[in-house]
Amino acid sequence: MNTIVVNHIAKSFGDMQAVKDVSFTVRPGEIFGLLGPNGSGKTTSIRVILDIYQPEKGTVTILDGPMTEEKLNHIGYLPEERGLYQDVEVYRNLAYLATLKNMTKEEIDQKLPAWLERFDLTEHQKKKTKELSKGMQQKAQLIAALIHDPEIIIIDEPFSALDPVNTQLVKDLLIELRNEGRTIIMCTHQMNQVEQLCDRLVLIDHGTVLLEGGLKEVRERFATNQVLIQTDSDLPENLPGVAKIEKEGLYHRLTSSDGTTPHAILQQLIDNKIGLNSFEIATPTLDEIFIKVVQEGRNGHEEDN
């Protein structure tokens, strides 16, 4: 059973069509990347999932049925815009937000100190939220999203304002939660984090789906006929099976001729006694795929108009 099924939803605000036609499924125990450029419809789609907005068409199924008040208590949401009360002490802030998820005072007093310690906020718990750095506020917001032990976690830009140490802390936590069987939807512009964390993804722009699939499947779909090598040897000008050689920093990018496999190129390098420090197939990064798909989608959108 899929945890979340989004089926052809659409939502507009006046003359602006924020979401035109978005469909995707999210499975139990996975980190799912909901990606797209600014203004693509990501946040609107999340708000439809959370039943904040009602779609004009399409449906959303959560835990095998429509959203209910009870199901909302099993969802943790980290919005991109911080939602903490700025003039309230951190502990009181988080304790109050936990009560909105039906946690009792006893449960809060038992769990909150451990969360504050994990995020290195214990000594700051009596400060007003506005006295915290942006990174500390982000960590406090994460506690608010997770303290009630949600089954579904929706996080928008979770690494915003975090330094490398705290970024790793959050990444380790997300992996831990996934391994416990939680379902996580992650929105972020940091493609390197998506590559490290997400099992599957959907990319939307102009309110429509441009790309969906497993991370490995998506990268293989955009694989090139190029290899990257590192060598201290001089490369011959004409290498059989290689159409072009380009120098890129410490690497040489070799573009194969039609039908020439990476294995055949490797054999040619060996036959030519080229010493190799490294040899790899040039798989595009998720950043490169993101840019390519969005640009192609927008060109198609302009043609349609």
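Nothing in this text is a laboratory measurement; each read-out follows from the coordinates by a stated rule. Predicted, not measured: the structure shown is a model, and the values here were computed from it. Every residue, glycine among them, receives a Cβ derived from its backbone with ideal geometry; neighbour counts consider all protein chains shown.
Take the alpha carbon atoms of region 6-107, find their radius of gyration, then divide it by 2.2 N^0.38 Å using N residues; give the quotient.
Values: Rg = 16.0 Å, N = 102, 2.2 N^0.38 = 12.8 Å.
The value comes to 1.25.
Compactness check for region 4-219: Cα Rg over 2.2 N^0.38 Å is 1.02. Between amide H atoms placed 1.01 Å from N, distances below 5 Å from Ala243 occur with Thr255, Ser256, Ser257, all of them 5 or more places distant or on a separate chain. Here the sum of -39500 (n - 2.57) over DSSP H runs of 4 or more residues, divided by the residues of the chain, equals -10500 deg cm²/dmol at 222 nm, to the nearest 500.
The alpha-carbon atoms of region 164-305, seen along their principal axes, cover 52, 46, 24 angstrom, with the largest extent given first.
Let me know the whole percent of all Cα-Cα pairs from region 64-190 that are separated by more than 26 Å. It would help to have the intermediate numbers written out before the result.
On the way: 1289 of 8001 pairs.
Percent of Cα pairs beyond 26 Å in region 64-190: 16.
Compactness ratio for region 105-180: Cα radius of gyration over 2.2 N^0.38 Å (N = residue count) comes to 1.08. Think of the chain as having a plus end and a minus end, set by charges on the Cβ of Lys, Arg, Asp and Glu; of Gln295, Ile75, Gly29, Ile75 sits farthest toward the positive end of this dipole. Straight-distance candidates among the lysines for linking to Lys128, with alpha-carbon spacing under 20 Å and chain neighbours fewer than 8 residues away dropped: Lys139. Could you identify which residue out of Asn73, Asn238, Asn93 has the top mean-square fluctuation in a GNM of the chain using Cα springs shorter than 10 Å? Among Asn73, Asn238, Asn93, the largest GNM mean-square fluctuation belongs to Asn238. Of Glu80, Glu106, Glu157, the residue with the greatest mean-square motion in the GNM of the chain, using alpha carbon springs below 10 Å, is Glu106. Under a Gaussian network description of the chain, with springs only between Cα atoms under 10 Å, the residue in Glu151, Glu117, Glu237 that fluctuates furthest is Glu237.
Ordering Phe13, Leu235, Met103 by Cα displacement along the dipole of the chain toward the positive end leaves Met103 in first place; charges were set at the Cβ atoms of Lys, Arg (+1) and Asp, Glu (-1). When each of the peptides 46-58, 259-271, 138-150, 186-198 is scored by the mean number of other C-beta atoms lying within 10 Å of its residues, the order from highest to lowest reads 138-150, 186-198, 46-58, 259-271.
Quick one: of Lys105/Lys134; Lys101/Lys171; Lys11/Lys42; Lys71/Lys134; Lys105/Lys130; Lys216/Lys292, which pairs are farther than 20 Å apart, Cα to Cα? Table pairs above 20 Å Cα-Cα are Lys105/Lys134; Lys101/Lys171; Lys71/Lys134; Lys105/Lys130. For region 224-281, the Kirkwood estimate of the hydrodynamic radius, built from every pair of different alpha carbons, is 11.1 Å.
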